[in-house]
There are 2 protein chains.
Amino acid sequence: MSEPAGPGPLGIICGGGNFPFVVADAVMRRGRDVVLFAIRGWADATATARYPHHWAGLGQFGRFRRLARVAQCRDVVIIGTMLRPSLAQLNPDLATLRYLPRIVRLLRGGDDHLLSGVARIFEENGFKLRGAHEVAPEILVPEGTLGCHRASARDLADMARGIALIRAMGPFDVGQAVVVADNYVLAIEAAEGTDGMLARVAALRHAGRIRLRGRIGVVVKAPKPKQDRRLDLPSVGAGTVAAAAAAGLAGIAVEAEGAITADLQELIKTADAAGLFVVGIPAGTAREPS
Amino acid sequence: MSEPAGPGPLGIICGGGNFPFVVADAVMRRGRDVVLFAIRGWADATATARYPHHWAGLGQFGRFRRLARVAQCRDVVIIGTMLRPSLAQLNPDLATLRYLPRIVRLLRGGDDHLLSGVARIFEENGFKLRGAHEVAPEILVPEGTLGCHRASARDLADMARGIALIRAMGPFDVGQAVVVADNYVLAIEAAEGTDGMLARVAALRHAGRIRLRGRIGVVVKAPKPKQDRRLDLPSVGAGTVAAAAAAGLAGIAVEAEGAITADLQELIKTADAAGLFVVGIPAGTAREPS
């Protein structure tokens, strides 16, 4: 999984959040140079300024291609939060314009459909798209119980049900996260994101719409079965812990090596303090619904 | 589908909302007497008072059984909104106490699991559980375009995708409703209910988290593939129209004969006025995900 010093620097196309810089640091620690291509409106400007970088709009593929070639970046990683744009917001440059008919079709569907189509455009232009977890394997959540709290037998059954549900939804290109409590599916994530889904569970419990008592239930995150793992692996962090605690859940389960975290030690510390378990479950674990 | 005057009056166990009284009226129009068993905390007291009735708590199965036998109700319908109680809220009477170990197991799972288990308890006690749509077929949403607005080819594809997703989630006892817009799954319903799901889509679009322009997308409702249709068929009404309009959707699709509405004419009138289509799609329509 580790990355030998490749030919030329690694290009990192940066969305929002901390992940782009965690990945950049990890790659640099391995002795490889990086060049950041910070997406305007998404990437953190202060952090970006600490690295060799260029800014570009989401629709400026031509600008990216020219700058990346000058910088001799052949390998490229796309990482960080970004919302799918509407076509009107894309402001395409000339090179992007050429791809507009394809982009229109890519926007008609789920996130994998969009991202894998974008990946193909990069590769047709001579770039090699790498997964962030390939160049920085330390961001992958490992297998096992990660903090000091343990999942109960009931929690383990809830996890297995959650994983199986995510798998069943796979062909529909939706849902990397669900909440299951005592065998009852409380919430399924779509466009709202994990934090939005957890806030909903918290609100429903607070309003008495979900009548469960005490710390119960698990938020389960896993990649869709057929998704391109170089793109958009599910992520967890201290924010997930806070949202899960507010929702009254007992813990967090992710597919081991199938989810990323910007700071594993902080994730564990926060979960330990909040009284939540964090488990990396081996890929392939799933209980058939009874 | 229509109901011959059966032996004795029909018992109607009434949750919240208008459905119990719509069903009672429809049954009485056919010449059969009804006795309402109004659930305390859920049934509308003013409307209940217009019919022969008794009040009972959710945990008073013994009281129901005694009163229903006195009234010679052998056929029973359960209809109207009710939230699953926590065990602590059940306040079981003596007869219910006997079933408590089973009820504990029934509460550990999805709504079908709970409802079909409750139905079995009724049947073991000599009652015949009937679907509301069996005794009052006029509440079923029929097949076809129901108002003056028509679904586009894109809308039809979104509906088929929604139906297929609901089918795929079936084994997990969750999800009678989803929102699909231009082949992209925006939301999946679990414990929040359809109105909660539609309010979320409205909020996400309003906040720019979902970047779609104009009236687009369909809310699709259908029963789970294996659910007991005597219980908990998905419902639509004027409230669904208002929530779908607020979410910027183009229309509403339900499985024909697989969803109920308290007032079809009002549903159509409201949808026509709001500019939304309403379609009853034939059962068995589903597009495999591409």
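For the reader, a short list of remarks on this structure follows.
- Per residue, the convex hull around the alpha carbon atoms of segment A:1-66 comes to 90 Å³.
- Average partner coverage of A:101-107, which counts Cβ from other chains inside 10 Å: 1
- When each of A:Lys128/A:Lys226; A:Lys224/A:Lys269; A:Lys224/B:Lys224; B:Lys128/B:Lys226; A:Lys221/A:Lys269; B:Lys128/B:Lys221 is checked by Cα-Cα distance, pairs over 25 Å: A:Lys224/A:Lys269; B:Lys128/B:Lys221
- Three-way shape call for segment A:143-290 based on the alpha-carbon gyration tensor, with the a/c threshold at 1.5: rounded
- Using the rule -39500 (n - 2.57) for each DSSP H run of four or more residues, divided by the residues of chain B, the 222 nm mean residue ellipticity is -10500 deg cm²/dmol.
- Sorted into 5 angstrom bins from 0, the C-alpha pair distances of chain A split as 1, 5, 12, 16, 17, 15, 13, 10, 7, 4, 1, 0 percent.
- Distance from the Cα centroid of segment A:40-60 to that of segment A:136-180 is 33 Å (rounded to whole angstrom).
- Based on Cα atoms of the protein assembly as shown, Rg over Rh with Rh as the Kirkwood radius reads 1.03.
- C-alpha center-to-center spacing [segment A:182-222, segment B:62-124] in angstrom: 26 Å
- Against the compact-protein benchmark of 2.2 N^0.38 Å, the Cα-based radius of gyration of segment A:31-142 scales to 1.08.
- For residues of B:171-180, the mean tally of beta carbons on other chains within 10 Å: 5
Read the figures in this text as sums done on the coordinates, not as results from a lab. Note that the coordinates shown come from a computational prediction; the quantities given were computed from them, not determined experimentally. In this analysis, Cβ positions are derived from the backbone assuming ideal geometry, glycine residues included, and neighbour counts consider all displayed protein chains.
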